[in-house]
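First the structure, in the form of C-alpha cells, and then the observations on it.
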C-alpha cells in the first residue's frame, strides 16, 4: 500500500460505515464526504505525494499552533484539537451575551494511516495563516534509485 488513508478505529459508531465508505468512494474521490466533514466539524485536508515525502495540509482557520496536537501511534498519524466547544457556556455576570453565534470553536480529531514506506520518525510540522503543513519523509530504502548496469 503506497497511499495515506483515513484511519477509522473500530467502534460501535462506525460498525456499519464500511458500506457508507463504498458509496462515498463510488460517488466521489474523497473517503470522507464533504457533508460528513462539515457536519462533524472536521478540517479539510489535502494529501500529496512527492518523490521523497508525503505532504499533508489541513485548513485550520481560527486555530493556533498552541491549540493543535499532532502525534504518531505506530503508523497512525493523528491531528487533533482539545479546544472546548464554547457554544453552551453561559456568559459570566457582567459580560456580553451572544445574540447570534455562528462561529464554532470545537475540538476535532482526524487520523490517517501512513503507508509502509513512510518514516514515522521523520515528520515535520509547520503552521502558517491557518494552514497546518506536515511533511512525512519516505524511508530511504523505499525511494526510487537508479541501478548502474555493468557491461
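The table below gives the values:
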item: Peptide ranges 144-151, 60-67, 124-131, 75-82 listed from the most packed, as the mean C-beta count within 10 angstrom indicates; result: 75-82, 60-67, 124-131, 144-151
item: Computed lengthening from residue 97 to residue 139, 0.36 nm per intervening residue step minus Cα-Cα distance; result: 9.8 nm
item: Extension reserve of the residue 125-residue 59 stretch, reckoned as 0.36 nm per residue once the Cα distance is removed; result: 22.4 nm
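Throughout, read-outs are computed from the coordinates displayed, never taken from laboratory work. None of these values were measured; they are calculated from a predicted model. All Cβ positions, glycine included, derive from the backbone under ideal geometry; neighbour counts span all protein chains shown.
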